[in-house]
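Single-structure report; data block below.
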Amino acid sequence: PYADSNLQFADNGNIKIAVWQRQSKNLAFEPGQTATDDDLNAMMNASEICAAVYDEASDSWTTKQLTENGMADMAPVVAANGKKAVAVWRRVASTTTQNVAAMEFDTRNDLLYSVWDGETWSEEKTIYNGTSGAIKGLSAAMDEEGNTIITYAIDSSSYVGKVEMAAFAAEQENQKLD
């Protein structure tokens, strides 16, 4: 009964991990019914991030909902190295309640992550808190040693009139993913 979208997949031969955005609230609509701004707000704020890890021995997927907070969690990406993985996503909010499709995320535009250590997913942690501008692009990569880089584009046009690229090197000193 849930709408899933934005599926991302990492497969390096040893592990297979999927992350996606799930609509955690089931809103009933009649065929042809137009969604109102209130409906769109409710759907956006019911957007959560899920992850699944494939177990080859049992030929099954184990799924975990990584977020459950009544906020808009969206646009997940994933990277893996065969021993662990990282899921990264955006959490957004806006003061706008009308014309949701053209919404500016002026209240919250954060970047968060969770690490799968081979057995469990960690609690979420914040990489970026939105202070320099809106996130416009996101990717993650992990090498064989587990060194992880998360890159994202920030639209800082409201500040300096340009889009900036930023990177979070997760395995650098004092910034290890855990």
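The values are calculated or read from the model by the stated rules, or taken from the named source; none is laboratory data. Just so it is clear, the structure is predicted and the values come from calculations on it, not from any experiment. Positions of Cβ are backbone-derived with ideal geometry, glycine not excepted, and every protein chain shown enters the neighbour counts. Note: accessible area is taken over every heavy atom of the protein model, side chains too, but ligands, DNA and RNA are not part of it. Shrake-Rupley method; radii C 1.70, N 1.55, O 1.52, S 1.80 Å.
Write out, first by first residue and then by second, each pair whose Cβ atoms fall under 8 Å of each other, whose residues are 6+ apart or on separate chains, and whose first residue, in the range 135-153, is in contact (Cβ under 8 Å) with a residue 24 or more places away in the chain while the second is hydrophobic (A, V, I, L, M, F, W, C) and assigned to a loop (DSSP other than H, G, I, E, B).
146/177; 147/170; 148/170; 148/177; 150/170
Pick from the range 39-52 the residues that are closer than 19 Å to residue 91 by Cα and aliphatic (A, V, I, L, M): which of them is nearest to the chain's Cα centre (by Cα)?
49
I'd like to know if the range 24-47 contains one or more residues that are assigned to a strand (DSSP E or B) and among the aliphatic types (A, V, I, L, M).
There is no residue in the range 24-47 that is assigned to a strand (DSSP E or B) and among the aliphatic types (A, V, I, L, M).
Being farther than 14 Å from residue 70 by Cα and either without any contact (Cβ under 8 Å) to a residue 24 or more places away in the chain or more than 24 Å from the chain's Cα centre (by Cα) (or both) is the filter here, so list the residues in the range 24-38 that pass it.
27, 28, 29, 30, 31, 32, 33, 34, 35, 36
Could you tell me whether the range 68-88 includes any residue that is within 19 Å of residue 131 (Cβ to Cβ) and part of a loop (DSSP other than H, G, I, E, B)?
yes
One residue is enough: does the range 53-61 have a residue meeting the conditions more than 16 Å from the chain's Cα centre (by Cα), aromatic (Phe, Trp, Tyr) and either within 25 Å of residue 147 (Cα to Cα) or open to solvent by 30 Å² or more (accessible area, probe 1.4 Å) (or both)?
yes
I'd like the full set of residues that are open to solvent by 20 Å² or more (accessible area, probe 1.4 Å) and in contact with a helix residue (DSSP H, G or I) (Cβ under 9 Å, 6 or more places away or on another chain), limited to the range 75-95.
If the condition is that a residue be open to solvent by 20 Å² or more (accessible area, probe 1.4 Å) and in contact with a helix residue (DSSP H, G or I) (Cβ under 9 Å, 6 or more places away or on another chain), then 93, 94 are the ones that fit.
Would a scan of the range 62-85 turn up a residue that is over 23 Å from residue 120 (Cβ atoms) and polar (S, T, N, Q)?
no
Where residues in the range 10-27 are of a type outside the set (D, E, K, R) and within 14 Å of residue 49 (Cβ to Cβ), which of them is most open to solvent (accessible area, probe 1.4 Å)?
Selected residue: 24.
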